[in-house]
Amino acid sequence: MAIKDLQARQGNVDIVVDIVDVGEIREFEKFGNKGRVASAIAKDESGDIKLSLWNEQIDQVKAGDKVHITNGYVSEWQGEKQLTTGKMGKLEVVGEGSKENSESKEEASKNTEEKKKEEKLDGEPVTEEEEIE
């Protein structure tokens, strides 16, 4: 299965994805039960999708991991598809994410730092003399 093929309200999703980022953890209380949820960005060669992580799943998954979701479910919130394990699904970390993902994230970080060095507050390029000072 590929992310680009997932449809809203689709069940029985079996897919392997790379975790690009795990967002902020939010705590909630529903029907007297407390819980935690976080949104992650999952991707494969065909695209990316928001992945909802619930409770203990949050502690299992980190950026750069490759995860296998079995019996997952695709929901839709405000026009955006979201993947989740739901009550019946399973999430399993099957290894480190592809080296390409971590390298591209590092490269993006380096590029941002280089751009900051190249520009002064007024937006003019920094000369070598100014950088040395």
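Restricting segment 19-30 to residues that are in contact with a Ser or Thr (Cβ under 9 Å, 6 or more places away or on another chain) and within 20 Å of TYR73 (Cβ to Cβ), which is surrounded by the most Cβ atoms within 10 Å (Cβ to Cβ)?
Filtering first and then ranking leaves VAL22.
Do we have ASP14 as modelled with pLDDT of 95 or more, loosely packed, with under 14 Cβ neighbours inside 10 Å and not in a loop (DSSP other than H, G, I, E, B) here?
On the way: modelled with pLDDT of 95 or more: yes; loosely packed, with under 14 Cβ neighbours inside 10 Å: yes; not in a loop (DSSP other than H, G, I, E, B): yes.
Yes.
Since GLY64 meets every condition but one in (1) under 20 Å from GLY79 (Cβ atoms); (2) touching a residue at least 40 places away in the same chain (Cβ under 8 Å), which condition does it not meet?
GLY64 satisfies every listed condition except (1).
Being touching a helix residue (DSSP H, G or I) at 6+ places or on another chain (Cβ under 8 Å) and among the polar types (S, T, N, Q) is the filter here; which residues of segment 3-53 pass it?
Passing the criteria: only SER46.
Can you tell me how many residues in segment 40-80 are surrounded by fewer than 17 Cβ atoms within 10 Å (Cβ to Cβ) and in a strand (DSSP E or B)?
Counting residues in segment 40-80 that are surrounded by fewer than 17 Cβ atoms within 10 Å (Cβ to Cβ) and in a strand (DSSP E or B) gives 12.
The values are calculated or read from the model by the stated rules, or taken from the named source; none is laboratory data. These numbers come from a predicted model, not from an experiment. Glycine also receives a Cβ, built like all others from the backbone with ideal geometry; neighbour counts cover every protein chain displayed.
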